[in-house]
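K.L.:
Submitted below is the structure of interest, expressed as structure tokens.
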Amino acid sequence: MAHAERGMSAPPEVVFNTATDPDRAAAWLPAFLRTDGVPTPEIRGEELCARWQVSAPTESMAEIRVDPENSGGARIRFDYSVRSGGQDADRLAVEALDSLAREVADNLQAG
């Protein structure tokens, strides 16, 4: 399982809504989760948690959890696993969160 965590200076709800927006998810979710478009996540909105799962071509899962921080920002935890494995799994998780941060910034500028 790969893992990355980071803070963002945006409200947790904005981060979560951006992460789960189907029009924005393709810009940050790792490619192995987008083989046939972006799968619909299983959302636990009250917990600001979402899970994406695909079974073909490899069994893959990703989960994001957004928690509030004292500063009014958010702390994001991203975990994923791919049955086929990979050498740079943690780097890919960090890159996914960096891409999500860009999407959140774009979303805030647009709104």
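The values are calculated or read from the model by the stated rules, or taken from the named source; none is laboratory data. No experiment lies behind these values; they were computed from the predicted model shown. Ideal geometry is used to build each Cβ from the backbone, glycine not excepted, and the neighbour counts take in all protein chains shown. SASA here: full protein model, heavy atoms, side chains in, ligands and nucleic acids out. Shrake-Rupley method; radii C 1.70, N 1.55, O 1.52, S 1.80 Å.
K.L.:
If you scan region 28-48, which residues turn out to be aromatic (Phe, Trp, Tyr) and either open to solvent by 30 Å² or more (accessible area, probe 1.4 Å) or part of a loop (DSSP other than H, G, I, E, B) (or both)?
P.N.:
32
K.L.:
Could you tell me whether any residue of region 49-59 is among the β-branched types (Val, Ile, Thr) and either in contact with a Cys (Cβ under 8 Å, 6 or more places away or on another chain) or assigned to a helix (DSSP H, G or I) (or both)?
P.N.:
no
K.L.:
Given the options 96, 25, 19, name the one that is part of a helix (DSSP H, G or I), modelled with pLDDT under 90, surrounded by 17 or more Cβ atoms within 10 Å (Cβ to Cβ) and aliphatic (A, V, I, L, M).
P.N.:
Result of the check over 96, 25, 19: 25.
K.L.:
Okay, next question. So, in region 55-75, how many residues would count as being among the hydrophobic types (A, V, I, L, M, F, W, C) and within 16 Å of residue 1 (Cβ to Cβ)?
P.N.:
Residues that pass the stated criteria total 3.
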